[in-house]
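Report on one structure; see the data block that follows.
The values are calculated or read from the model by the stated rules, or taken from the named source; none is laboratory data. What you are looking at is a predicted structure, and each value in this text was computed from that prediction instead of being measured. Please note: Cβ atoms are built from the backbone with ideal geometry, for glycine as well, and neighbour counts cover all protein chains shown. Protein only, heavy atoms only, side chains kept; ligands, DNA and RNA dropped before computing areas. Shrake-Rupley method; radii C 1.70, N 1.55, O 1.52, S 1.80 Å.
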Amino acid sequence: MSKYEVVEKFVSINGEGTKAGQLAVFIRFKGCNLNCKYCDTKWANEQETPSQPMTEKEILDYVLSTGVKNVTLTGGEPLLREGIENVITVLAENNLNIEIETNGSVYLDKIRKLHKENVTFTMDYKLSCSGMEAAMNLDNFDILNSNDTVKFVAGCREDLIKAKQIIEKYNLYGKCNLYISPVFGMIEPEEIVNFMKENVMNDVNMQIQLHKIIWSPDKKGV
Ligand code: SF4
């Protein structure tokens with residue numbers, strides 16, 4: 001049985017997305033293929049960070065032991081892990097709600113083809129402030145459905161303009177849930193709201209990461 005390097009596992013509330021405010025079990029996998037300028041989990045991507053190799057059965061047992069129904073697979077980039085579809089399958093077959101937080105660079109087709117209705121994607125679209133926009137896999141926009149989410153993390157007005165362009169170019173209104181979140185400390189949430197008002201952006205949610213308000217922005221395990 002494969003083992004997956006887990007750097008953190010804990011129960012907290014979902015800080016963002018459609019289940020914001022609800023309890024969730026977080027499984028954070030080690031490693032990422034991107035290097036965003038504002039990354040707040042760089043520690044999880046470093047080779048020397050201690051991790052716990054866990055099988056899919058051990059991950060499932062931990063999740064079931066919490067009694068919490070929402071499971072967030074995150075990282076790093078969780079979909080880089082060889083065999084991750086086995087973890088997703090085993091969790092999905094136990095009536096859990098699986099949310100995969102993915103960075104927008106990994107093609108999602110293989111996971112969607114598992115045909116698990118209780119598996120949803122929260123896919124980032126990395127805007128220019130991340131320095132990683134060129135890595136985005138635009139084919140993913142064909143794969144997302146109304147249960148999935150695209151999250152634009154904006155650090156400046158240019159990012160907001162680009163987010164609007166992407167939403168329009170790929171007809172994302174009504175296709176999936178749309179969120180715009182501020183890069184903490186780089187843009188005022190009010191500027192995002194004003195931009196949404198100016199551009200009458202119906203069906204877009206401005207969201208501030210709850211865990212950064214409830215706890216210190218750098219706190220791990222929340
Ligand atoms: S994709 Fe996420 S984990 Fe990876 S570098 Fe960017 S912010 Fe950090």
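Output the qualifying pairs, or none if there are none: Cβ atoms under 8 angstrom, residues six or more apart or on different chains, first residue in segment 104-122 and surrounded by fewer than 20 Cβ atoms within 10 Å (Cβ to Cβ), second residue in a loop (DSSP other than H, G, I, E, B) and modelled with pLDDT under 95.
Partner pairs satisfying both residue conditions: ASN118/ASN95.
It is to be established whether one or more residues within segment 70-79 are among the charged types (D, E, K, R) and open to solvent by 10 Å² or more (accessible area, probe 1.4 Å). Quick ask: steps written out before the conclusion?
Quick first cut of segment 70-79, residues among the charged types (D, E, K, R) only: 77.
Going one step further and asking which of them are open to solvent by 10 Å² or more (accessible area, probe 1.4 Å), we end up with none.
No, every residue in segment 70-79 fails to be among the charged types (D, E, K, R) and open to solvent by 10 Å² or more (accessible area, probe 1.4 Å).
Just to be sure, is ASP159 assigned to a helix (DSSP H, G or I) and either surrounded by 17 or more Cβ atoms within 10 Å (Cβ to Cβ) or in contact with a Pro (Cβ under 8 Å, 6 or more places away or on another chain) (or both)?
Considered against the rule, which asks whether it is assigned to a helix (DSSP H, G or I) and either surrounded by 17 or more Cβ atoms within 10 Å (Cβ to Cβ) or in contact with a Pro (Cβ under 8 Å, 6 or more places away or on another chain) (or both), ASP159 comes out as yes.
Across segment 28-44, which residue is most open to solvent (accessible area, probe 1.4 Å) among those that are farther than 16 Å from LYS219 by Cβ and touching a residue at least 60 places away in the same chain (Cβ under 8 Å)?
The initial filter retains those residues of segment 28-44 that are farther than 16 Å from LYS219 by Cβ, namely 29-38.
From the residues that got through so far, the ones that are touching a residue at least 60 places away in the same chain (Cβ under 8 Å) too are 32-38.
On the way: CYS32: 45, ASN33: 78, LEU34: 21, ASN35: 97, CYS36: 13, LYS37: 151, TYR38: 50 Å².
In this case the residue turns out to be LYS37.
Do we find that ILE213 is hydrophobic (A, V, I, L, M, F, W, C), touching a residue at least 12 places away in the same chain (Cβ under 8 Å) and either on the phi < 0 side of the Ramachandran plot or part of a loop (DSSP other than H, G, I, E, B) (or both) in this structure? Walk me through it before giving the result.
On the way: hydrophobic (A, V, I, L, M, F, W, C): yes; touching a residue at least 12 places away in the same chain (Cβ under 8 Å): no; either on the phi < 0 side of the Ramachandran plot or part of a loop (DSSP other than H, G, I, E, B) (or both): yes.
No, not satisfied.
Quickly run through segment 1-44 and pick out the residues that are among the charged types (D, E, K, R) and within 9 Å of the ligand (Cβ to nearest atom).
We begin by selecting, within segment 1-44, every residue among the charged types (D, E, K, R); these are 3, 5, 8-9, 16, 19, 28, 30, 37, 40, 42.
Once the filter is applied, which keeps residues that are among the charged types (D, E, K, R) and within 9 Å of the ligand (Cβ to nearest atom), segment 1-44 yields LYS37, ASP40, LYS42.
If you check every pair at least six apart or on different chains, which have Cβ atoms under 9 Å apart with a residue in segment 177-189 that is without any contact (Cβ under 8 Å) to a residue 60 or more places away in the chain first and a residue that is charged (D, E, K, R) and part of a helix (DSSP H, G or I) second?
Listed by first residue and then by second, the contacts come to ILE180/ASP159; PRO182/GLU191; ILE187/ARG157; ILE187/ASP159.
For segment 133-154, which positions are over 17 Å from the mean Cα position of the chain (by Cα) and in contact (Cβ under 8 Å) with a residue 24 or more places away in the chain? Talk me through it step by step, then tell me what you get.
Taking segment 133-154 first, the residues over 17 Å from the mean Cα position of the chain (by Cα) are 134, 139, 142.
The answer is ASP139, and nothing else.
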